[in-house]
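In what follows, a structure is listed as C-alpha cells, so that the remarks can point back to it.
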Amino acid sequence: MDLRKYPMDEQNCTLQFESYGYNFQDMVYVWRRGKASISGLTTLKLQQFHVGSYDVHSSKATYETGDFPKIIFSFQIQRQAFYFILQTYIPSILLVVLSWVSFWINPDAVPARVALGITTVLTMTTLITGARQALPKISYIKAIDVYLVICFLFSFAALLEYAVVNFQSSRIAAVVKKEKEREGEGLQEVKVDKAMEAEKKCKSAGDSGCNPSEGEPLGNGQGNLALCINQVNAEKELGDARVKSINIEDCRGKSANVGDDMKKSASIGDQLAVVVRRFSDATRMVQVATIDNFARFSFPAMFLAFNLVYFMFYCL
C-alpha cells in the first residue's frame, strides 16, 4: 500500500485464485461470465473505504515445476476522508484561526497574548501526537503529516509575531525614555542660561552707576522690583548669594524684557517637549500597529493559499 496521499489515497487490491496440485495442462481457470461473475460490489459498504472500479482476468503462474492456472480479481478502493476532516483537519484549521485572535489584542496585554499563543501551540502538538498514534508506522511523509506540520508552523509563527511586536515596543519605549531625559536636561540648561544672561545684564546696569539709595524710593517700582528679585533668586540657585546694588530705574525696562524672554523660552521648551513626546508615542504605536495589521492580512492569505495548493495537489 502506498500511503503518501493518506487520507486522500486510493489503493489497488488484488485477489488471486491459483491451482496447487494441477498444472496448466491438467486444468484451466476461467471466469465464466467475465465481470458479471462478480456481484454485490455496488451495494458493499465499508466504514472507511468506497469500492471503485474492478476487473477480472485469467492468467497462469510459472514455477520450476511448471505452469499453474490462476484467476485474478482486482478492485480499487478509495478512502473516505470525511472522518479525518472532522477529527483532524477542521480542528487544525480552528486552532490556526484561534492563534490569529492575538493580532487584535492590545500589544500591552502581554499575559493574554502569550497565553493564547502557547495554548494554540501546545494544542496543535497534542493533536499531531494523537493523529500519528492511529496511523501506520511508515518512514515516508504522508499528506496528513504535511498539513499538521504546516498548521503547527502557522500557530508557532503567530507566537513569534508577538515576540517581534513586544521587542519592537520595548526598544522604542527605551528610545522614547532617553529622548525625554535629554529634553528635560536641555530645558534645564536653557533656563540656567537665561538666568545667567539676566544676571549679567543686571550686573552691567549696576556697574554703570545705578544705586537704589540715590534714586527714588523702592516702593515706586514694585513690579520691576519683583522682576529684579526673581533675577536674584535665579542667582541664588546658581550658588552665588552676593548681590550687587541695582539701579531700579535703569533696570526697569531691561528686567521686563529679560523676564518675558525667560517665560517665552520656558513655554516653548515645554511645548517642544510635549510635541516630541506625542510624536514618539505616535511613532511607537504606528510601528507596532503596522506589524499587527500586516499579520492580520498576511497570515490568512498565506494559509488560504496553502489550503488551495494542498487540496488541489492531493485530491486531484
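The values are calculated or read from the model by the stated rules, or taken from the named source; none is laboratory data. It should be emphasised that the depicted structure is a prediction, and the values quoted were computed from it without experimental measurement. Don't worry about glycine lacking a Cβ; one is built from the backbone with ideal geometry, like all the others, and counts go over all protein chains shown. These area figures cover heavy atoms from the full protein model, side chains too; ligands, DNA and RNA do not enter into them. Shrake-Rupley method; radii C 1.70, N 1.55, O 1.52, S 1.80 Å.
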The stretch 1-44 shape via C-alpha gyration tensor axes, a/c threshold 1.5: oblate
Label-point separation, CYS13 to SER37 (7 Å along Cα→Cβ), nm: 1.9 nm
Order by protection proxy (mean Cβ within 10 Å, highest first), peptides 106-113, 67-74, 38-45: 67-74, 106-113, 38-45
Apportionment of accessible area to carbon and sulfur, the stretch 40-195, percent (1.4 Å): 63 percent
Mean accessible surface per residue for the stretch 1-111, computed with a 1.4 Å probe while every protein chain stays in place, in Å²: 68 Å²
Set LYS70/LYS142; LYS5/LYS137; LYS60/LYS142 screened for pairs whose C-alpha atoms are more than 24 Å apart: LYS70/LYS142; LYS60/LYS142
Distant-in-sequence amide H partners of TYR29 (H built 1.01 Å from N, under 5 Å): LYS70
Calculated FRET efficiency for the pair HIS57/VAL309, C-beta based, R₀ 35 Å, to 0.05: 0.35
Among 14-20, 141-147, 165-171, the order from most to least packed when residues are scored by Cβ within 10 Å on average: 141-147, 165-171, 14-20
